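Let me begin by presenting the structure, written as structure tokens, before commenting on it.
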Amino acid sequence: MSQLKEITKYRGRFAPTPSGMLHFGSLVTAVGSYLDARSHQGEWFVRIEDIDRPRVKVGMSENILSTLELFGLEWDGPVIYQSQCIGRYQEALHFLEALGLIYPCNCTRKEIADSALFEFEGMVYPGNCRNGLHSERNNRPSAVRIKTDTDKVEFHDRLQGRVYQSIENEIGDFVLRRSDGIYTYQLAVVVDDGWQGITHIVRGADLLESTPRQIFLQKLLGYPQPHYLHLPVVTTAQGKKLSKQTLAHPIDAKNPLPQLIAAIDFLGQRPPPELIEGNLNSFWQWAINHWSVTHIARVAYAPL
Ligand code: GLU
């Protein structure tokens, strides 16, 4: 499949879902991916992951972009919006269809639950529709799933080390297009990262378990495998990931410096106390020059 341009050296990205404002957890991811890119003299892109329309909140894309700007996170090139790339996801699905690797599924949630095995991420889809749809429900809209296999998908994460998964056993055939017609995150992210020529993915460790599925799709679609770095996830005092559900406070766009310092501190970067006396320029200069992945803890805790 075609790519934006030849892969140069380092091309990183930050890919927020505009379902809420940036909170401390998403700031940590943005800062981590930015520092890793800039300390490698790399490019850094922003992609708005607005494919799941029902989750998108009005005005959030603009809000996220203006917050990034206020914090001094300067992106390269135009911002990509997934909602404007539907043709590419369609093309990828057709490509997989031609390989005989996808099939429609009209199972209800209950049928899946009744016959599923349970794994770490929830239910493993037991492959009910692999050999054909439930004929009594032919008029029900179908999702599209990909046939997986039991081979081990293995990769080395720059922080988390060796990660492996047998997708058929641990996840099952997963959905590429939902029954409401929306392309899923797993397909869209692989197509976008491949098309944009992303070489390094730096994101939260909550996505670690998704990575083998993405590598599986990359191989089928003929995209090169990027390098991965999954950062520790910021949690509440109860150990829950910061999110809209845990009512994470949005970051305060009027006062970037202390929050940026807190973000790199969370990432183990040991900012010197005098950094707070400076400005955004001196902050970024220090942070880029001193960025060190070896200082990041695999699992970190930020009391908020
Ligand atoms: N859009 C995803 C999120 O906001 C991130 C996807 C990714 O970095 O692969 O959690």
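The values are calculated or read from the model by the stated rules, or taken from the named source; none is laboratory data. The structure displayed is predicted, hence computed values, not measured ones. Because the Cβ atoms are built from the backbone with ideal geometry, glycine has one as well, and the counts that use them run over all protein chains shown. Ligands, DNA and RNA are excluded from the accessible area calculation, which covers all protein heavy atoms including side chains. Shrake-Rupley method; radii C 1.70, N 1.55, O 1.52, S 1.80 Å.
Sort out which residues of the range 33-64 are within 13 Å of the ligand (Cβ to nearest atom) and β-branched (Val, Ile, Thr), and write them in order of number.
Within the range 33-64, Val46, Ile48, Ile51, Val56, Ile64 qualify.
When you look at Asp151, is it acidic (Asp, Glu) and more than 11 Å from the ligand (Cβ to nearest atom), yes or no?
Yes, satisfied.
Answer yes or no as to whether Gly172 is of a type outside the set (Lys, Arg), open to solvent by 10 Å² or more (accessible area, probe 1.4 Å) and within 21 Å of the chain's Cα centre (by Cα).
Criteria not met by Gly172.
Might you check whether a residue that is open to solvent by less than 40 Å² (accessible area, probe 1.4 Å) and within 12 Å of the ligand (Cβ to nearest atom) occurs anywhere in the range 231-238?
Yes, some residue in the range 231-238 is open to solvent by less than 40 Å² (accessible area, probe 1.4 Å) and within 12 Å of the ligand (Cβ to nearest atom).
Is it true that some residue in the range 39-61 is of a type in the set (Val, Ile, Thr) and in a strand (DSSP E or B)?
Yes, the range 39-61 contains a residue that is of a type in the set (Val, Ile, Thr) and in a strand (DSSP E or B).
Does Tyr223 qualify as being open to solvent by 10 Å² or more (accessible area, probe 1.4 Å) and either touching a residue at least 40 places away in the same chain (Cβ under 8 Å) or not polar (S, T, N, Q) (or both)?
yes
Going residue by residue through the range 83-92, is there one that turns out to be open to solvent by less than 90 Å² (accessible area, probe 1.4 Å), part of a loop (DSSP other than H, G, I, E, B) and within 24 Å of Trp195 (Cα to Cα)?
Checking the range 83-92: at least one residue is open to solvent by less than 90 Å² (accessible area, probe 1.4 Å), part of a loop (DSSP other than H, G, I, E, B) and within 24 Å of Trp195 (Cα to Cα).
Every residue, every condition in (1) outside any strand (DSSP E or B); (2) open to solvent by 60 Å² or more (accessible area, probe 1.4 Å); (3) touching a helix residue (DSSP H, G or I) at 6+ places or on another chain (Cβ under 9 Å); (4) not basic (Lys, Arg), yes or no:
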position	(1), (2), (3), (4)
Leu133	yes, yes, no, yes
Val144	no, no, yes, yes
Thr148	yes, no, yes, yes
Phe155	no, no, yes, yes
Asp193	yes, no, yes, yes
Lys219	yes, yes, no, no
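Restricting the range 15-31 to residues that are within 18 Å of Lys254 (Cβ to Cβ) and small (Gly, Ala, Ser), which is farthest from the ligand (Cβ to nearest atom)?
Ala30
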